[in-house]
Amino acid sequence: MTDLLTVSGLRAGYAGGTVLDGVDLTVPAGSVVALLGRNGVGKTTFVHTVMGMLRPYSGSVRLGGRELAGAPAHVVARAGAAIVPQGRRVFAPLTVEENLQIAAPRRGGPWTVERVYELMPRLAERRANRGDQLSGGEQQMLAIGRVLLRAPRLLLLDEPSDGLAPAVVDQIAGVLERLCAEGISAVLVEQDLHLAFRLADKVAVMRKGRIVHRGPTAEFRSDRRRAHALLGVA
Amino acid sequence: MKAVETTAPAPAVAARPRRPARRGRAVAAAVTAAALLAAVPLVLGAYPVSMMTRMLAFAVLVLSVDLLTGITGMPTLGQAAYFGVGAYTAALVGVHLTSDGAVQVAAALLAGLAAAAVTGWIAVRAHGIVFLMLTLAIGESVHQLADTWSLVGGGNGLAGMPPVSVLGTALPAAGFVYWWVLAVAAAAFAVVALVARSPYGRTLRGIRDNEARMRALGYRPGPAKFGVFCLAGAVAAVGGALWAAQVRFVSPGDLGFEVAALALLSVVIGGSGTLWGPCLGAALVLLVRDNLSAHVGGHGALVLGAVFVAVVFTMPRGLAGLARRPRRTEARS
Ligand SMILES: Nc1ncnc2c1ncn2[C@@H]1O[C@H](COP(=O)(O)OP(=O)(O)OP(=O)(O)O)[C@@H](O)[C@H]1O
Ligand SMILES: [Mg+2]
């Protein structure tokens with residue numbers, strides 16, 4: 001299996017401070033890697049740096065064989081990466097439909113607004129509502145639908161379950177599962193281990209700006225004591 | 001990426017609710033407004049008509065400010081510069097070349113476009129308050145230039161512009177100039193409204209809302225912002241040409257800081273981002289400055305300041321907000 005994303009020795013941070021201190025991570029094509037870690041270890045910093053929203057100090061980010069470290073976000077986006085940000089960040093003054101249309105490429109692609117509505121009928125019902133009138137779950141669906149329209153090869157999902165009720169997380173998980181089933185590649189940043197285990201093929205654990213564990217999901221699940229030691233949770 | 005196989009049948013998505021009806025209403029409102037405005041010279045006397053002509057020209061400037069400030073989220077204090085470039089270009093064409101209004105407007109449009117392209121190249125790279133300061137600097141530089149350059153009359157201004165003619169016929173009476181100005185202003189409004197509703201306009205509103213997010217979706221905000229800056233420069237210059245057609249005298253005061261500030265004030269009072277609201281704001285602001293000012297002992301600026309404060313506190317969406325029906329329960333969880 002070829003690797004879609006290969007990150008090596010990635011160092012980055014804010015205003016000279018170091019948050020990522022040499023991160024190595026690979027995402028094989030067609031697989032989902034869960035990135036776990038406690039609050040503040042640098043998970044969001046990592047996806048932002050991969051996406052080109054934050055300039056790395058050093059290291060390499062290769063997407064489909066192309067070196068993208070230091071490239072601006074629109075270049076990374078055009079190379080096939082898409083981020084569903086923590087906290088959703090839908091365009092609040094625009095309607096659901098406009099939020100989707102803004103992302104729809106002029107020349108068309110595998111995804112259309114109608115197909116997004118098929119995947120998430122809830123959005124179709126709310127198509128005329130403004131972004132800031134949506135519930136958290138609906139905003140999350142909109143944030144996912146919006147990036148699908150860019151036909152990404154790699155999804156960067158930053159805590160899609162953040163702040164959502166369990167029943168809503170379940171709906172989001174269903175949507176993501178359908179995308180996984182058709183072979184989308186993703187980095188899934190999650191605190192919700194149920195969701196991470198349900199979707200991910202592999203698990204990577206970050207601590208103090210480094211990856212301190214990586215391995216198959218099943219193996220990670222089976223050793224609860226190690227999981228506890230790595231994450232500080234049961 | 002392959003298609004997701006949907007097992008469930010496609011949901012019965014109701015055929016685009018309300019959209020066409022809303023657009024129909026907007027067009028109907030625009031046509032009605034244009035018809036009412038067209039009837040003005042038949043009812044009012046010469047002075048009110050000339051007053052309204054200036055309001056229309058100023059509204060075109062305000063429209064360009066709303067395009068930048070309200071639609072794209074780039075608050076500007078520099079649009080009076082392009083308004084001035086348009087006014088001076090039209091006046092120079094009028095004095096030296098031809099009294100044909102269409103030629104004057106076209107020349108002003110090109111001059112405004114060129115001026116905005118040269119200055120916007122640098123300006124659009126800045127954000128927020130730095131952008132505001134840069135536009136202020138552009139405005140002041142152009143004002144200085146107009147004030148000192150003898151070719152355009154320096155501080156004395158540029159006089160001697162013959163009455164504008166349209167289709168080979170001179171327009172001597174105020175009513176005819178008004179109709180000409182109304183026609184061009186309506187065209188400018190239509191162009192800006194169409195741009196605001198186009199996919200490009202959606203991109204601009206996305207940039208206003210969250211530039212980083214647009215970048216992450218694969219857009220380069222730079223060219224989009226440069227494009228709208230050039231368009232706004234051209235629109236402001238057309239407003240300037242219309243102003244010159246009515247006033248037939250252009251002076252550095254027409255492109256000073258006060259004009260730029262009043263234009264921005266009109267946008268806030270009218271309701272930024274709505275286009276039609278700021279046009280109403282423009283009329284109100286000029287009315288206060290040029291007419292009521294005399295009745296309050298020349299304290300027009302004070303009155304405008306008070307109006308501004310009142311609007312900000314009582315109508316956060318400006319005059320346009322008054323037309324909006326109260327929203328039903330805003331579902332949030
Ligand atoms: N814009 C910023 N400027 C300065 N420091 C920042 C900024 N964003 C994050 N940090 C710091 O960088 C570190 C890593 O933050 P990051 O958001 O990447 O963590 P995280 O793993 O995503 O946390 P969480 O699970 O809470 O989302 C933290 O110490 C944080 O305070
Ligand atoms: Mg985070």
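The values are calculated or read from the model by the stated rules, or taken from the named source; none is laboratory data. Computed from a prediction, not measured in an experiment: that's the story for all the values here. Cβ: placed from backbone, ideal geometry, glycine included. Neighbour counts: every protein chain shown.
What number of residues in region A:72-95 are at pLDDT 90 or above and of a type in the set (D, E, K, R)?
The qualifying residues number 1.
Going by the structure shown, is A:Gly30 within 15 Å of the chain's Cα centre (by Cα), more than 16 Å from ligand 1 (Cβ to nearest atom), surrounded by fewer than 18 Cβ atoms within 10 Å (Cβ to Cβ) and at pLDDT below 95? Spell out how you get there, then give the answer.
On the way: within 15 Å of the chain's Cα centre (by Cα): yes; more than 16 Å from ligand 1 (Cβ to nearest atom): yes; surrounded by fewer than 18 Cβ atoms within 10 Å (Cβ to Cβ): yes; at pLDDT below 95: yes.
Considered against the rule, which asks whether it is within 15 Å of the chain's Cα centre (by Cα), more than 16 Å from ligand 1 (Cβ to nearest atom), surrounded by fewer than 18 Cβ atoms within 10 Å (Cβ to Cβ) and at pLDDT below 95, A:Gly30 comes out as yes.
Please count how many residues of region A:164-197 are exposed (fewer than 15 other Cβ atoms within 10 Å of the Cβ) and in contact (Cβ under 8 Å) with a residue 60 or more places away in the chain.
Residues of region A:164-197 exposed (fewer than 15 other Cβ atoms within 10 Å of the Cβ): A:165-167, A:174, A:177, A:181-183, A:194.
Checking the rest, the ones that are also in contact (Cβ under 8 Å) with a residue 60 or more places away in the chain come to A:183.
So the answer is 1.
Test A:Arg127 against the stated conditions and say whether it is at pLDDT 90 or above, surrounded by fewer than 23 Cβ atoms within 10 Å (Cβ to Cβ), facing another protein chain (nearest Cβ under 10 Å) and part of a loop (DSSP other than H, G, I, E, B).
Values: at pLDDT 90 or above: yes; surrounded by fewer than 23 Cβ atoms within 10 Å (Cβ to Cβ): yes; facing another protein chain (nearest Cβ under 10 Å): yes; part of a loop (DSSP other than H, G, I, E, B): yes.
Yes; evaluated as a whole, the condition is true for this residue.
Do the conditions hold for B:Ala224, that is, is it of a type in the set (A, V, I, L, M) and under 22 Å from A:Ile83 (Cβ atoms)? If you could, list the steps in order and put the result at the bottom.
Working: of a type in the set (A, V, I, L, M): yes; under 22 Å from A:Ile83 (Cβ atoms): yes.
So B:Ala224 fits the description; yes.
Let me spell it out: the conditions are (1) of a type outside the set (S, T, N, Q); (2) within 14 Å of ligand 1 (Cβ to nearest atom); (3) in contact (Cβ under 8 Å) with a residue 60 or more places away in the chain; (4) part of a loop (DSSP other than H, G, I, E, B), and A:Gly16 meets all of them except one. Which number is the exception?
(3)
Confirm whether B:Tyr47 is modelled with pLDDT of 95 or more and of a type outside the set (Gly, Ala, Ser).
Details: modelled with pLDDT of 95 or more: no; of a type outside the set (Gly, Ala, Ser): yes.
No.
Yes/no matrix, rows are residues, columns are (1) basic (Lys, Arg); (2) on the phi > 0 side of the Ramachandran plot; (3) within 14 Å of ligand 1 (Cβ to nearest atom):
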position: A:Ala12; (1), (2), (3): no, no, yes
position: A:Thr26; (1), (2), (3): no, no, no
position: A:Gly37; (1), (2), (3): no, yes, yes
position: A:Gly42; (1), (2), (3): no, yes, yes
position: A:Gly59; (1), (2), (3): no, yes, no
position: A:Asn99; (1), (2), (3): no, no, no
position: A:Pro110; (1), (2), (3): no, no, no
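Pick out the one residue from A:Ala204, A:Ala200 that is away from ligand 2 (no atom under 16 Å from the Cβ), over 21 Å from A:Val96 (Cα atoms), of a type outside the set (Ser, Thr, Tyr) and buried (at least 19 other Cβ atoms within 10 Å of the Cβ).
Details: A:Ala204 fails: away from ligand 2 (no atom under 16 Å from the Cβ).
Just one listed residue meets the conditions, A:Ala200.
Which is surrounded by fewer than 18 Cβ atoms within 10 Å (Cβ to Cβ) and away from every other protein chain (no Cβ under 14 Å), of B:Ala185, B:Ala261, B:Ala236? Step through it out loud before you land on a result.
Values: B:Ala185 fails: surrounded by fewer than 18 Cβ atoms within 10 Å (Cβ to Cβ); B:Ala236 fails: surrounded by fewer than 18 Cβ atoms within 10 Å (Cβ to Cβ).
It is B:Ala261.
List every residue pair whose Cβ atoms lie under 9 Å apart, where the two residues are 6 or more positions apart in sequence or sit on different chains, the first residue falls within region A:45-66 and is in contact (Cβ under 8 Å) with a residue 40 or more places away in the chain and away from chain B (no Cβ under 14 Å), and the second residue, located anywhere, is part of a helix (DSSP H, G or I) and hydroxyl-bearing (Ser, Thr, Tyr).
Between residues of region A:45-66 that are in contact (Cβ under 8 Å) with a residue 40 or more places away in the chain and away from chain B (no Cβ under 14 Å) and residues that are part of a helix (DSSP H, G or I) and hydroxyl-bearing (Ser, Thr, Tyr), the close pairs are A:Pro56/A:Thr49; A:Gly59/A:Thr49; A:Val61/A:Thr49.
Can you find a residue that is farther than 19 Å from B:Glu211 by Cα and either within 16 Å of ligand 2 (Cβ to nearest atom) or surrounded by fewer than 16 Cβ atoms within 10 Å (Cβ to Cβ) (or both) anywhere in region A:67-86?
yes
Can you run down the residue pairs with Cβ atoms below 9 Å, 6 or more apart or on separate chains, where the first is in region B:154-170 and within 8 Å of B:Ser251 (Cα to Cα) and the partner is in a strand (DSSP E or B)?
Filtered contacts from region B:154-170: B:Gly157/B:Val250; B:Leu158/B:Val250.
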